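Worksheet: the structure to be examined is printed underneath.
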């Protein structure tokens, strides 16, 4: 009844009666070639493109129509910021650090404390680190293990762990990873009983309720688990 009244009063327009005529107009007067790929980087985000092809090529490819240096810089910064925010929950310690570095680069640019070429070099390096999700000097055991890497970063920098030596932190991260993998069920997120089993497993390694709650949020954000 509501829809009938809306149509009758002209609040909305029922296009069904015009579909045949619209289709005839489109078929008769509109012609489009099949889409073609302009660049092998079409499906990449700006941050990924900077990492893959270099910042100069990324600017030329995606921002070629923008001539203003400030507008280019702000576009790059917004894309890097979006990536940081998107990944924040997976590794708070690491991406908080990246966010601080981005703020420093932006402040230096706005204060004209660095030349534009130096700015591009710094923002490109930051984009690489944000996209990689880890530092170049991270332990080799973490290279292909994003979940363990996130645990390592947050146990090291979170302030809750009782160990500080890198090797000891890595060992602790590996123990947490093993405990989670052993305790988890399929589709455990959002199921209180299953989440409690993971927290119990974390407590067996961390022995600290506050630390369990902090690390559990990081575990919950990991795609591997």
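The values are calculated or read from the model by the stated rules, or taken from the named source; none is laboratory data. No experiment lies behind these values; they were computed from the predicted model shown. Heads up, the Cβs are rebuilt from the backbone with ideal geometry, glycines too, and the neighbour counts pull from every protein chain shown.
Pick out the one residue from 109, 122, 129 that is surrounded by 12 or more Cβ atoms within 10 Å (Cβ to Cβ) and out of contact with any helix residue (DSSP H, G or I) (no Cβ under 6 Å at 6 or more places or on another chain). Full working, then the answer.
Details: 109 fails: out of contact with any helix residue (DSSP H, G or I) (no Cβ under 6 Å at 6 or more places or on another chain); 122 fails: out of contact with any helix residue (DSSP H, G or I) (no Cβ under 6 Å at 6 or more places or on another chain).
Result of the check over 109, 122, 129: 129.
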remark   = All conditions in (1) crowded, with 17+ Cβ neighbours inside 10 Å; (2) under 28 Å from residue 217 (Cα atoms) are true of residue 88 except (1)
task = Report whether or not residue 170 is more than 30 Å from residue 51 (Cβ to Cβ), assigned to a helix (DSSP H, G or I) and in contact (Cβ under 8 Å) with a residue 24 or more places away in the chain.
result = no
inquiry  = Suppose the filter is at pLDDT 95 or above, surrounded by 12 or more Cβ atoms within 10 Å (Cβ to Cβ), part of a helix (DSSP H, G or I) and in contact with a helix residue (DSSP H, G or I) (Cβ under 7 Å, 6 or more places away or on another chain); does residue 101 pass it?
reply    = yes
task = Answer with yes or no whether residue 112 is part of a loop (DSSP other than H, G, I, E, B) and in the same structural domain as residue 79 (by TED's automatic domain parsing).
result = yes
note = Going through (1) outside the structural domain of residue 55 (by TED's automatic domain parsing); (2) farther than 15 Å from residue 219 by Cα; (3) outside any loop (DSSP other than H, G, I, E, B) one by one, residue 144 fails only at (3)
message = Within region 209-219, take every residue that is touching a helix residue (DSSP H, G or I) at 6+ places or on another chain (Cβ under 9 Å) and surrounded by fewer than 16 Cβ atoms within 10 Å (Cβ to Cβ) and give me the one that is farthest from residue 139 (Cα to Cα).
response = 209
task = Determine if region 86-94 includes at least one residue that is part of a helix (DSSP H, G or I), without any contact (Cβ under 8 Å) to a residue 60 or more places away in the chain and more than 16 Å from residue 146 (Cβ to Cβ).
result = no
